[in-house]
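Let me begin by presenting the structure, written as structure tokens, before commenting on it.
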Amino acid sequence: MSASLVGEQLVKPGDTRQVEVSIATTGRSGPVEKAALVQTDHPDNAQVSLKIKANVVVDLDFATSHVMFTDVKVGDVKKQKIELVAADPAAVKFGEVKAAGEGIQAKVVKTGTGPSTAWALEVVFSPKTPGPASGTIQVALVAPEEKSLQIFYSGQVKGDISIEPLQVVIRKTKTGEAEGAMVQLTCEKSFTIKSAADAEGLIDVKVETVTPGKHYTIVLGLAQKAAGQDRFGVSVQVKTSLASQPQIDIPVYVMTTP
């Protein structure tokens with residue numbers, strides 16, 4: 001929810017001011033209650049809470065616009081169902097369902113009959129490649145109106161090599177000082193690291209062996225080339241000897257703190 005004052009912010013005795021409020025209703029239905037905080041210089045009312053109540057009426061849409069898959073490994077089969085919110089479910093007719101992305105499938109299923117007719121989108125995720133995954137699902141409707149509904153999906157797929165953490169944030173000061181970061185790579189199978197580098201040369205990357213063939217530490221720090229950049233993101237690519245996971249991409253985000 002967002003709120004903003006309309007016109008001048010100075011309110012004289014006896015004056016009134018209008019506050020514009022907008023509520024994001026995507027994926028919502030039914031009663032919604034929010035609060036907007038208004039800061040003032042009044043000694044007795046430094047902060048005023050405005051309660052906003054609304055009832056979101058959905059004629060035809062899915063209950064959520066985003067599906068997230070967690071704790072997924074290569075070869076797993078994960079399923080989720082998304083309820084279709086419709087004023088008259090019995091009158092709904094579907095067209096084509098298109099899923100864009102590796103390992104993702106989707107279909108519309110009926111979850112009730114007669115007066116209790118209900119629909120849901122069944123999403124099946126079976127990834128074959130480790131790393132971040134994302135994509136979209138398009139569902140065409142032909143009745144009671146022609147329209148297209150879109151669902152986004154995302155997830156982090158685990159491979160044989162365990163990565164901790166999955167992404168790194170490096171914070172530096174205005175003077176350029178920054179603490180390094182470390183990523184642990186472990187695996188029950190035997191593997192070696194062939195190379196590890198940032199293609200843009202903004203991150204210094206070192207590989208330390210903890211347990212040969214089983215556990216390695218990737219040490220990350222800022223390269224001299226990054227001295228003049230306050231905020232950026234890159235990907236450190238780690239090449240391994242493991243056929244099932246030949247490359248690992250580690251997102252690195254750098255930001256400057258006050």
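The values are calculated or read from the model by the stated rules, or taken from the named source; none is laboratory data. Since we're looking at a predicted model, the values are computed, not measured. Ideal geometry is used to build each Cβ from the backbone, glycine not excepted, and the neighbour counts take in all protein chains shown.
For the range 37-68, how many residues are part of a loop (DSSP other than H, G, I, E, B) and surrounded by 13 or more Cβ atoms within 10 Å (Cβ to Cβ)?
Step one: of the range 37-68, the residues part of a loop (DSSP other than H, G, I, E, B) are 40-46, 57-59, 63-65.
From what's left, surrounded by 13 or more Cβ atoms within 10 Å (Cβ to Cβ): 58, 63-65.
Count: 4.
How many residues are closer than 14 Å to THR64 by Cα and small (Gly, Ala, Ser) when one looks only at the range 125-151?
Kept after step one, since they are closer than 14 Å to THR64 by Cα, are these residues of the range 125-151: 136-139, 149-151.
Checking which are small (Gly, Ala, Ser) leaves us with none.
Residues meeting the conditions: 0.
Spot the failing condition for ASP76; the list is (1) on the phi > 0 side of the Ramachandran plot; (2) surrounded by 12 or more Cβ atoms within 10 Å (Cβ to Cβ), and only one is missed.
Status for ASP76: all satisfied but (1).
Counting just the residues of the range 96-133 that are exposed (fewer than 15 other Cβ atoms within 10 Å of the Cβ), part of a strand (DSSP E or B) and small (Gly, Ala, Ser), which one comes out modelled with the highest pLDDT?
Looking at the filtered set, the residue picked out is ALA100.
Within the range 208-221, which residues are within 17 Å of PRO165 (Cβ to Cβ) and modelled with pLDDT of 95 or more?
Residues of the range 208-221 within 17 Å of PRO165 (Cβ to Cβ): 208, 210, 215-221.
Result: GLU208, VAL210, HIS215, TYR216, THR217, ILE218, VAL219, LEU220.
Any idea how many residues of the range 1-20 are surrounded by 12 or more Cβ atoms within 10 Å (Cβ to Cβ), modelled with pLDDT of 70 or more and farther than 12 Å from LEU37 by Cβ? Can you show your working first?
Going residue by residue through the range 1-20, those that are surrounded by 12 or more Cβ atoms within 10 Å (Cβ to Cβ) are 1, 3, 5, 11, 17, 19.
Now narrow it down to the ones that are modelled with pLDDT of 70 or more: 11, 17, 19.
Narrowing the set further to residues that are farther than 12 Å from LEU37 by Cβ leaves 11, 17.
The number of residues fulfilling the criteria is 2.
Name the one entry in THR186, THR192 that is touching a Gly at 6+ places or on another chain (Cβ under 8 Å), more than 30 Å from THR256 (Cβ to Cβ) and of a type outside the set (Gly, Ala, Ser).
The conditions single out THR192.
Those residues that are modelled with pLDDT of 70 or more and part of a strand (DSSP E or B), I need them from the range 21-36; list them, please.
From the range 21-36, those modelled with pLDDT of 70 or more are 21-24, 31-36; that's our starting set.
Matches in the range 21-36: VAL21, SER22, PRO31, VAL32, GLU33, LYS34, ALA35, ALA36.
Could you list, in sequence order, all residues of the range 162-202 that are among the β-branched types (Val, Ile, Thr) and modelled with pLDDT of 95 or more? Break it down stepwise before answering.
Of the range 162-202, the ones among the β-branched types (Val, Ile, Thr) are 163, 168-170, 173, 175, 183, 186, 192-193.
The answer is VAL183, THR186, THR192, ILE193.
Kindly establish whether ASP71 is modelled with pLDDT under 95, in a strand (DSSP E or B) and surrounded by fewer than 17 Cβ atoms within 10 Å (Cβ to Cβ). First the steps, then the outcome.
Numbers: modelled with pLDDT under 95: yes; in a strand (DSSP E or B): yes; surrounded by fewer than 17 Cβ atoms within 10 Å (Cβ to Cβ): yes.
Yes; evaluated as a whole, the condition is true for this residue.
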